[in-house]
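Novice: Before I ask anything, here is the structure I am working with.
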Amino acid sequence: MPYADSDGVRLYLEETGKGTPIVFVHEFADDLRSWEPQMRFFSRRYRCIAYNARGYPPSDVPKPRNRYSQSIAADDVANVMRHLGVKQAHVIGCSMGGYATLHFGLTYPKMALSLTAVGAGYGSDPDKREQFLSDTEVMAKRFDELGTAEAVKPYQVGPARVQFQNKDPRGFAQFCAEFAKHSALGSANTLRGVQAKRPTVYALGRGLSRLRVPLHVVSGDEDNNCLEPALFIKRVCPSAWLSVIPNTGHAVNVEEPDLFNRLTAEFLAQVDSGRWRPRDPRSLTKSTMQSR
């Protein structure tokens, strides 16, 4: 099996296609298989790379909790690229992977051709922050005490997952079956080391305001925990595009793969052709009628 070394942790990866590289970074509740519709579509024109995060077999599952963090997750993206000899890539991440994509862009901007963050922002709402931290620890304890198959049952039908269940019962059933096979230790450590300790999207405001890497932010309109953070990123980051997908929940790339692929292809084409531009500052005037 192909692995990349990231500070002594082996990360399982797959790649297909030729051309400009794209690196896909998966969410907490899935693994690299969640990107299969994108790997098949974009590998016609790009070199597509997907990997399993640490804690997700067949990647290594480190036992110490301190081997998991948001900054480490960003470093893992960079180390996968270095292992493959990739100097620059488009990086596309969903949820937990969307956070890693944002942090990668802020930490390694010269390695990023563009960034696409899908469903990033969960746990950022200051009014719900304590509830998020409490829920995260409860979920981690479920993995500790019940094992994965039982622990994930309430998570699978969360408020931003039922849209997927209603639209695509067969795809949702596959998602649930794969989620149930994840490492309990890896999941618990990821919740405690990454999810519970990462900064909120709002805390990234200063860095995002200075970001010049093309950024595509994608959110389902029924993903209540991520829609407002997506709007915040659009408002604060001059390099950000925002796509809001109607009647859609959290993991847009699996819930609406065809639409996601088309939107992403257009964004990448704009970047690759040199046609992408940051926001015109004249659009930021306080006046509703004039550009200055």
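Nothing in this text is a laboratory measurement; each read-out follows from the coordinates by a stated rule. This structure is a prediction, so every number in the text was calculated from the model and none was measured. FYI the Cβ positions are ideal-geometry reconstructions off the backbone, even for glycines, and counts take in every protein chain you see.
Novice: Once each part is reduced to its C-alpha centroid, what is the distance from the range 16-78 to the range 208-238 in angstrom?
Specialist: Centre-to-centre distance over Cα atoms comes out at 21 Å.
Novice: Now, a different point. What distance in nm separates the two pseudo spin-label positions at Asp7 and Leu242, each 7 Å out from Cα along the beta-carbon direction?
Specialist: Reported label-point gap for Asp7 and Leu242 is 3.3 nm.
Novice: For a Förster distance of 30 Å, can you work out the FRET efficiency between the beta-carbons of Ala177 and Lys87, rounded to the nearest 0.05? Each step should come with its number before you reach the end.
Specialist: On the way: r = 38 Å, r/R0 = 1.25.
Calculated transfer efficiency: 0.20.
Novice: Still on this structure, I have one more. Which of the lysines could a cross-linker bridge to Lys234, judged by Cα under 17 Å and excluding same-chain residues fewer than eight apart?
Specialist: Reachable lysines: Lys286.
Novice: Here is the link list: Lys18/Lys197; Lys18/Lys167; Lys63/Lys153; Lys128/Lys167. Which ones come out longer than 30 Å on Cα distance? Kindly include the intermediate steps, with their values, before the conclusion.
Specialist: Working: Lys18/Lys197 37 Å; Lys18/Lys167 33 Å; Lys63/Lys153 24 Å; Lys128/Lys167 28 Å.
Pairs exceeding 30 Å: Lys18/Lys197; Lys18/Lys167.
Novice: Under 16 Å Cα to Cα from Lys181, which aspartates and glutamates show up? Leave out anything in the same chain fewer than 8 places away.
Specialist: Partners found: Glu27, Asp30, Asp31, Asp60, Asp144, Glu145, Glu150.
Novice: I've got another one for you. What is the extension gain from Lys110 to Glu228, computed as 0.36 nm multiplied by their sequence separation minus the C-alpha to C-alpha distance, in nm to one decimal? Don't skip to the end; give the middle numbers.
Specialist: Working: separation 118, 0.36 × 118 = 42.48 nm, distance 2.80 nm.
Extending this stretch completely gives an extra 39.7 nm.
Novice: While we're looking at this one, here's another question. In square nanometres, what is one fourth of the surface area of the convex hull spanned by the alpha carbons of the chain? Please list the in-between numbers first.
Specialist: Details: hull surface 60.4 nm².
That works out to 15.1 nm².
Novice: I would also like to ask the following. In nm, what is the difference between 0.36 nm times the number of residues separating Glu150 and Glu130 and their Cα-Cα distance?
Specialist: 4.7 nm
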